[in-house]
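Here's the structure, in structure tokens; my notes come after.
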Amino acid sequence: IHRNWMADTCDLNLYEDKEFTYPENFFDTYDGRLAAASQEMSIAKDMDLIYDLKMQRSDKETPLKSLYEQFYGRMDSAQKAVWDKFYTPIIDKFYKDDLKGEDLVRWKYQRYMRDYAKTVKSLDDNVGKVLDYLEKEGLLDNTLVVYTSDQGFYMGEHGWFDKRFMYEESMRTPLIMRLPEGFDKRGYIPQLVQNIDYAPTFLELAGVSVPSDIQGVS
């Protein structure tokens, strides 16, 4: 679910009626925390209206507009038609409303969260396709399926998006494993895990001895 959260065209209309809850520290003032205040991942200041929020218009310029145009240019004509049909009324209303201050920041957050949720939906769908294939081919009970990611993303906590500051909200990442048949360990693992632990875990599950020079533990 990586920036800039361009949803699959079949998912564009999802979550448009949902109002996402603002984190309690959404309008964090960073009192006494200058290092935090200087991070360039503020929804208010650093979230690009065109690249991140898709508010593309020929008479508007933003620092990352050209990058958005590159991504937009990858679509074929049919995809662009669906994309433009969805975004044009949102773009027109946005520039007409001319939001300022906290109203603009709240609008940006809702737009961000809706786009983010749509890309999560697409990821979920494709994880499902992999599992369905394994089941259909009779491979599911002989396959270790691992779901993980890189650093956790800020979803508005401290007024942020991205992941470039070590606060609690961004410390954790998903790590979910569907074990093959015959392995009875399941449930929540309370120990801390690092990505150097993946290799010895996979080797042990496969019945292979773990070389002594591998860092990490199963």
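Since every read-out is calculated from the coordinates, none of them should be taken as a lab result. No experiment lies behind these values; they were computed from the predicted model shown. With ideal geometry, Cβ positions are generated from the backbone for all residues, glycine too; neighbour counts draw on all protein chains shown.
By the beta-carbon count within 10 Å of each Cβ, the least crowded to most crowded order of TYR72, TYR154, fewest first, is TYR72, TYR154. Altogether, the Stokes-Einstein calculation at 4 °C and 1.567 mPa s, with the Kirkwood radius of the range 145-218 over Cα pairs as Rh, returns a diffusion coefficient of 90 µm²/s.
Quick check: net charge around ASP11, other residues with Cβ under 12 Å of its Cβ, Lys/Arg +1 and Asp/Glu -1?
Result for the local shell: -2.
Inter-part distance, the range 96-138 to the range 1-57, computed on C-alpha centroids, equals 12 Å. When the listed pairs LYS65/LYS96; LYS65/LYS129; LYS45/LYS80; LYS45/LYS121; LYS108/LYS163; LYS85/LYS118 are checked against a 22 Å cut-off, the alpha-carbon distance exceeds it for LYS65/LYS129; LYS45/LYS80; LYS45/LYS121. Just the number, please: Stokes-Einstein D of the chain in µm²/s, Kirkwood Rh from C-alpha pairs, 37 °C, 0.692 mPa s. D, rounded to a whole number, is 160 µm²/s. A Förster radius of 30 Å combined with the Cβ-Cβ distance from ALA78 to TRP107 puts the calculated FRET efficiency at roughly 0.55. The simple spin-label model puts a point 7 Å past each Cα toward its Cβ; for SER149 and LEU175 those points are separated by 1.6 nm. Taking max minus min of the alpha-carbon positions on each principal axis, the range 23-115 gives extents of 51, 25, 24 Å, largest first. Applying the Karplus relation 6.51 cos²θ - 1.76 cosθ + 1.60 with θ = phi - 60° to the range 136-142 yields 3J(HN,Hα) values of 4, 8, x, 9, 4, 7, 10 Hz, where x marks Gly and Pro. Here the label points at GLN194 and ASP124, each 7 Å from Cα along the C-beta direction, are separated by 3.3 nm in the simple model. Only helices enter the 222 nm calculation for the chain: every DSSP H run of n ≥ 4 contributes -39,500 (n - 2.57), and dividing by all residues gives -11500 deg cm²/dmol, rounded to 500. Sparse packing (at most 14 other Cβ atoms within 10 Å of the Cβ) combined with a DSSP loop state is found for the following GluC sites (Glu not before Pro) in the range 136-218: GLU137, GLU181. Can you pull out the trypsin sites (Lys or Arg not before Pro) in the range 172-214 that DSSP calls coil and that have at most 12 other Cβ atoms within 10 Å? Those satisfying the criteria are ARG172, LYS185, ARG186.
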